[in-house]
1. Just for the range 373-397: of the residues that are at pLDDT below 90, among the aliphatic types (A, V, I, L, M) and part of a loop (DSSP other than H, G, I, E, B), which one is nearest to residue 185 (Cα to Cα)?
2. Where in the range 51-95 are the helices (runs of 4 or more DSSP H), entirely inside, with at least 3 residues that are closer than 24 Å to residue 206 by Cα and of a type in the set (A, V, I, L, M)?
3. Exactly one condition in (1) at pLDDT 85 or above; (2) surrounded by fewer than 20 Cβ atoms within 10 Å (Cβ to Cβ); (3) within 24 Å of residue 288 (Cα to Cα) is false for residue 67; which is it?
4. If a residue must be basic (Lys, Arg) and touching a helix residue (DSSP H, G or I) at 6+ places or on another chain (Cβ under 8 Å), how many such residues does the range 274-330 contain?
5. Please name all residue pairs, on different chains or six or more residues apart, with Cβ atoms under 7 Å, provided the first residue is in the range 221-246 and is more than 13 Å from residue 58 (Cβ to Cβ) and at pLDDT 85 or above and the second residue is surrounded by fewer than 24 Cβ atoms within 10 Å (Cβ to Cβ) and charged (D, E, K, R).
6. Could you say which residue among 17, 44 is under 20 Å from residue 92 (Cα atoms), surrounded by fewer than 22 Cβ atoms within 10 Å (Cβ to Cβ) and more than 12 Å from the chain's Cα centre (by Cα)?
7. Inspect the range 176-190 for any residue being closer than 22 Å to residue 91 by Cβ, among the basic types (Lys, Arg), in contact (Cβ under 8 Å) with a residue 40 or more places away in the chain and out of contact with any strand residue (DSSP E or B) (no Cβ under 6 Å at 6 or more places or on another chain) and give the result as yes or no.
8. If residue 292 meets every condition in (1) surrounded by fewer than 24 Cβ atoms within 10 Å (Cβ to Cβ); (2) in contact with a Ser or Thr (Cβ under 8 Å, 6 or more places away or on another chain); (3) over 30 Å from residue 161 (Cβ atoms) apart from one, which number is that one?
Amino acid sequence: MSKRTGDVIWVGLALFAMFFGAGNLIFPPFMGFIAGSNWSIALAGFLITGIGMPLLGIMASSRAGGTVEHLACRVNPLFGRILSIVIILAIGPLLAIPRTAATTFEMGVRPNIPGATAAISSLVYFAITLFFALNQKKVVDKIGKILTPFLLITLALIILKGLFSPLGEIGGSGLPNAFGRGFREGYQTMDAMASVVFAEIIIAAMVFKGYSRTSDQVKMTSLAGLVSAIGLGLVYGGLMYLGASSVRLFPGDIERTDLLIRITQGLLGSAGKIALGLAVALACLTTSIGLTATVGDYFSTLSKGKLGYKAICLATCVFSAVFATFGVTTIIKVAVPLLVTVYPVVIVLVILTMMGRLARSRAVYIGAVVGAFATSLFDALTAAGVPIPSINQLILNIPFAKSGFPWVLPALAGGIIGAIAARAGAGGKVGSPEQSSQR
């Protein structure tokens, strides 16, 4: 095995571990469950936002310079800073961190420890998170090397048993617009947003291994991404099939976490349920510790040390501990407005960056982002329960809007207007990928 091949495999496995969070397990089975006979169509949409966009996000960030701000400052430096803060908060205390604790309680604690409460579980969970985030980060890395294989082995047993001895037959009339629903459900993984944060870590690893040129980094990341994508695709596809094959067995209003627990128990019995709960709980904990440390590092650096790392970690844990007690379903509902606002903007930035020289004008970036944001904002207001009927009706008349993609044509139109403005002399160039990375 050549050095390059070995690096591709190891970085690919690292990418898989970074993207594969235990919280992501609850979305594919539920998507398959509600999609029924259209589960494969829903899977196609889910894979685009759950796998495809995160991998493109890492590649785009590496081309732009390695950070969220490098990617977003092509619109405006202030915009880059604001988007960076929003993403860090979303994958931190506002959504992802409390979701790990809520998932741990609902899948690991409550099914196996009768009488346990969400409040006590959250308190213990974040006490452990804070301890390791402050004192022993290296321990988390060692535990993670054991936990990921343990979780994958447990999942492999569940999926293989479900494929060869399914609980039931795939049924149901099929979910209308399954592709669009799967696409939007993939937002909940938050991996596309996380990818532009992970990029800096992957680039540092590439540089350490001797790949100093941006073109080499992008190429190696792309190949490693294929390794990661295959693993993620197999897991997501298998879990979605399990959900689709259990349509006739469980009530339609079943919670996401309960669905996976009951599927596991049906396939592997009580021992399987315990093993899954333990693996999910420990994997969630390592994710929580890593994200807490990331939030602490980011805001401590942003404030130039005025906000201490330990104080930020403490505040993150306290806020997350309270929010986690509301449960996974509530956290998901709260997440929707933010995700439907930010995700289209991130997707637009990633696509434009990957276009390279075809989209070098700052005006193109501004126009496309404004176009996407102008529609996604009202989509978010509707999701938050404060719709504006007159504007919503106008948006519904946009092609692809009824399929769940109202932002596509406005973003395209904005980009075209920006290109025309650039040709007329307005808007500077953002520079080539190599130039961006040297800033």
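1. Checking each candidate, the answer is 384.
2. Details: elements: 53-64, 68-72, 77-90.
Result: 53-64, 68-72.
3. Looking at each condition in turn, residue 67 falls short on (1).
4. Quick first cut of the range 274-330, residues basic (Lys, Arg) only: 304, 306, 310.
Cutting the leftovers down to touching a helix residue (DSSP H, G or I) at 6+ places or on another chain (Cβ under 8 Å) gives us 310.
Total satisfying the criteria: 1.
5. Here the result reads 245/169, each pair linking the range 221-246 to a residue that is surrounded by fewer than 24 Cβ atoms within 10 Å (Cβ to Cβ) and charged (D, E, K, R).
6. Values: 44 fails: under 20 Å from residue 92 (Cα atoms).
Just a single option satisfies the conditions, and that option is 17.
7. Initially, the range 176-190 is screened for residues closer than 22 Å to residue 91 by Cβ, giving 182-190.
Those left that are additionally among the basic types (Lys, Arg): 184.
So of that shortlist, the ones also in contact (Cβ under 8 Å) with a residue 40 or more places away in the chain come out as 184.
Checking the rest, the ones that are also out of contact with any strand residue (DSSP E or B) (no Cβ under 6 Å at 6 or more places or on another chain) come to 184.
For the range 176-190, residues closer than 22 Å to residue 91 by Cβ, among the basic types (Lys, Arg), in contact (Cβ under 8 Å) with a residue 40 or more places away in the chain and out of contact with any strand residue (DSSP E or B) (no Cβ under 6 Å at 6 or more places or on another chain): present.
8. Just one mismatch for residue 292, condition (1).
The values are calculated or read from the model by the stated rules, or taken from the named source; none is laboratory data. Note that the coordinates shown come from a computational prediction; the quantities given were computed from them, not determined experimentally. Using ideal geometry, Cβ is built from the backbone for each residue, glycine included, and neighbour counts are taken over all protein chains shown.
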